[in-house]
Amino acid sequence: MTPELSRIATVVVLGSIMAILDTTIVAVALATLGRDFRVSVSTIQWVTTGYLLALAVVIPVTGWAIDRFGHKRIFMLSLTVFLIGSSLCGLAWSANSLIAFRVLQGLGGGMILPVGQSMLARAAGPQRMGRVMSVIGAPTVLGPILGPVLGGLIVSNFSWRWIFYINVPVGIVTLVLSSRYLKGNEEKVDRTFDLGGFALLSPGLAALVYSLSEVGITGKFTSAPVLVSFALGAALTGGFVVHALRARHPLLDLRLFRNRNFTIANISIFVLGATLYGSMFILPLYYQIARGESPWQAGLLMAPQGIGAALMMRKSGAITDRLGPRRIVPPGILIMAAATVPFCFVTATTDQFLLAGTLFIRGLGLGLCMMPIMAAAYFDLSHADVPSATTTLNIVRQIGGSLATALFAVILQRQILEQTHAHSNSDGALLSETAKLPPAIAQEVAKAFAHTFWWAVAVILVAFIPTLFLPSHGANQAQNAALDAEDAVPDAAALTVME
């Protein structure tokens with residue numbers, strides 16, 4: 001990469017890692033927060049749910065905000081809001097105040113990753129898209145893994161407030177670097193904000209995320225809050241689709257799905273997002289519940305997957321630029337599936353070195369998949385389409401991850417109930433258990449996890465199908481095609497295609 005692109009990538013990674021870490025870092029502190037504030041689990045879980053809902057509300061606005069105000073302004077504004085929210089979370093005096101400040105934090109954090117991703121995509125151009133997407137892939141993949149480790153270490157050794165305060169020095173450094181390295185002279189477009197689309201899509205996505213979060217908490221797809229919120233979310237989102245296909249400048253330009261590569265990449269990223277976040281939900285729980293490990297130990301035991309992904313990402317980006325994603329992603333999917341199969345036979349005493357080696361191989365497969373798929377989405381798009389495309393990709397990945405997490409939570413809880421029904425003290429409460437279980441119960445619980453991992457394998461194999469239709473050409477060929485297309489369309493006309 002050029003020095004300029006390296007500087008932009010540094011800023012984006014620093015900002016993104018904070019926002020992504022905060023989706024998982026708080027999870028290990030919920031029990032402590034509940035005790036300190038003397039509230040129930042159903043109340044304190046809103047510390048996580050509120051953050052996710054805020055992300056769902058603000059992400060659809062990203063494309064319009066970039067076009068209207070520019071990458072640099074929006075990135076720095078998002079960072080500032082995130083830092084203010086983080087500081088206030090650390091100062092929270094009650095559960096309600098913490099939930100409110102987490103929502104504020106999420107409103108800032110929701111834009112950081114898509115704005116950074118869009119910024120890198122525009123700066124890199126198609127010829128370096130694979131390599132630059134591998135850079136942004138580091139926080140995307142490593143963030144959920146490092147979150148529980150860092151959160152567990154902080155809660156075990158310091159006040160829970162440092163979970164939020166730790167963002168402040170990193171955020172200040174990122175703001176200083178943003179002011180110095182990011183350029184704010186890109187062309188902006190003064191477009192009317194799609195208020196009707198926002199009124200449909202943001203609440204619709206928030207309702208969908210809420211319904212899926214409730215599934216993970218209640219363990220039921222048929223509870224009233226789940227059904228009502230899901231129906232409302234589906235209706236609002238469907239209404240937005242109808243609106244977007246008719247509007248001149250919709251909040252999200254669904255006409256981008258006429259592009260074959262963009263459509264295939266979105267289908268792939270939806271299923272791969274489900275694979276990543278669904279597995280990231282059950283793997284730590286296996287270590288904590290079936291094996292009795294502490295949260296930070298469970299996080300460390302998952303580190304081999306992150307190491308494998310990090311080692312492979314850079315190489316996968318270079319290969320994608322040269323040979324195309326179809327040559328590299330399907331083999332990566334098969335490696336992930338093969339490396340997940342051993343978890344389908346786990347017991348409470350399976351050798352940890354075997355599991356660590358398996359996770360390392362799984363990480364190699366993941367490193368071959370995630371960023372080449374995202375790079376493929378941009379292959380045939382113009383600069384004007386990048387903000388809307390980035391917003392869409394992030395929404396699709398988040399919904400895929402939320403859906404799989406909810407599905408795996410229900411499957412796991414039901415399996416635990418079935419496997420432990422003979423033990424009088426065993427029920428769904430085991431999902432929140434971290435102490436060592438009696439050996440007999442631990443073995444039965446491990447069987448429940450083994451069954452759930454078969455579902456994870458199935459989801460990975462489903463992801464294999466759309467990846468067979470990814471582009472088979474390298475990014476340089478895509479760049480030539482994109483340049484020819486841009487030369488054929490006047491600048492003014494091209495601007496009207498933006499989100």
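The values are calculated or read from the model by the stated rules, or taken from the named source; none is laboratory data. In this text, all values refer to a predicted model and were calculated from it rather than measured experimentally. With ideal geometry, Cβ positions are generated from the backbone for all residues, glycine too; neighbour counts draw on all protein chains shown. The protein model used for the area step is the full one, side chains on, heavy atoms only, and it has no ligands, DNA or RNA in it. Shrake-Rupley method; radii C 1.70, N 1.55, O 1.52, S 1.80 Å.
Worth pointing out:
A quick yes/no check of all residues on (1) open to solvent by less than 50 Å² (accessible area, probe 1.4 Å); (2) modelled with pLDDT of 50 or more:
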residue: 424; (1), (2): no, no
residue: 437; (1), (2): yes, yes
residue: 448; (1), (2): yes, yes
residue: 482; (1), (2): yes, no
residue: 491; (1), (2): no, no
residue: 496; (1), (2): no, no
residue: 499; (1), (2): yes, no
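- Enumeration of residues in region 338-387 that are under 30 Å from residue 293 (Cβ atoms) and of a type in the set (Asp, Glu): 351
- Scanning region 327-356 for residues that are open to solvent by 50 Å² or more (accessible area, probe 1.4 Å), over 21 Å from residue 274 (Cβ atoms) and not hydroxyl-bearing (Ser, Thr, Tyr) turns up 327, 345, 351, 352, 353, 354.
- The set of residues from region 98-135 being open to solvent by less than 10 Å² (accessible area, probe 1.4 Å), at pLDDT 80 or above and either over 30 Å from residue 324 (Cβ atoms) or of a type in the set (A, V, I, L, M) (or both) comprises 98, 102, 105, 106, 108, 109, 110, 112, 115.
- Yes/no for residue 22 being among the acidic types (Asp, Glu) and buried (at least 23 other Cβ atoms within 10 Å of the Cβ): yes
- Tally of residues being buried (at least 23 other Cβ atoms within 10 Å of the Cβ) and of a type in the set (Val, Ile, Thr) across region 231-270: 1
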